[in-house]
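Below: one structure, written as structure tokens.
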Amino acid sequence: MLKLIEVNEENWLDFRRLSVRDDQKGFLDSPVGILARGYLYRHDRASVIGIADDDTAVGIALVRDLDEEPACYDLQQFMIDARFQGKGYGTAALRLILSALEKERKYDCSEVCVKKNDAAALRVYEKVGFVDTGYIDEAAPDCLNLMFPFSDLLPDP
């Protein structure tokens, strides 16, 4: 059964070993980079989230608070290991993450910045209900800014 777990000193090596396909590596940080970002953004309440199918690590994500306008949860990184892609893990894990954030409800929405040419990621985000805000960050002009309002929580597949 798919679940979200805390990445800790006992299991972090399992998540460190995850990897995406070679053609996806330019879109994401490595798992070690994601863990490092979690530490660096600790003052923004960053959470590194392990994604597991029973006891098998299948993915990792990083969410942090973004108190700038628009204040929201910032889904900084989200990856499913190449061995588990195309099996529904990404969509299911993203729904679990959004459900957990919705329950916490510090913010009314979550956002993610996705490279325009990362078609696979864009499909997953749009499938669960993220919409393009039209905002283009000058620091990342090759990215789309997608927003998920919690009032639209988790449409059925």
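The values are calculated or read from the model by the stated rules, or taken from the named source; none is laboratory data. Bear in mind the structure is a predicted one, so any value in this text is a computation, not a measurement. Heads up, the Cβs are rebuilt from the backbone with ideal geometry, glycines too, and the neighbour counts pull from every protein chain shown. Ligands, DNA and RNA are stripped out before the accessible areas are found, and what is left, the full protein with its side chains, is counted by its heavy atoms. Shrake-Rupley method; radii C 1.70, N 1.55, O 1.52, S 1.80 Å.
Tabulated values for the structure
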| quantity | calculated |
| --- | --- |
| Calculated FRET efficiency for the pair residue 17/residue 116, C-beta based, R₀ 22 Å, to 0.05 | 0.15 |
| Approximate spin-label separation residue 67-residue 140, in nm, with each point projected 7 Å along Cα-to-Cβ | 2.1 nm |
| Exposure rank, largest accessible area first [27, 15; 1.4 Å] | 27, 15 |
| Cleavage-rule hits (GluC sites (Glu not before Pro)) in region 34-116: DSSP loop, at most 16 neighbouring Cβ within 10 angstrom | 68 |
| Residue 133 accessible area, 1.4 Å probe, all protein chains in place, Å² to nearest 10 | 60 Å² |
| Within the chain, percent of DSSP bridges classed antiparallel, to nearest 5 | 95 percent |
| Helical mean residue ellipticity (222 nm; -39500 (n - 2.57) per DSSP H run of 4+; nearest 500) of the chain | -7500 deg cm²/dmol |
| In region 60-157, trypsin sites (Lys or Arg not before Pro) in a DSSP loop with at most 13 other beta-carbon atoms within 10 Å | 87, 105, 106, 116 |
| Answer label, with P(r) over Cα pairs in 10 Å bins from 0, in percent calculated from the coordinates and candidates (1) 13, 48, 35, 4, 0; (2) 10, 35, 29, 17, 8, 1; (3) 11, 43, 39, 7, 0 | (3) |
| Crossing angle, helix 89-104 versus the chain [Cα axis fit, 0-90 degrees, rounded to tens] | 60 degrees |
| Mean accessible surface per residue for region 85-157, computed with a 1.4 Å probe while every protein chain stays in place, in Å² | 55 Å² |
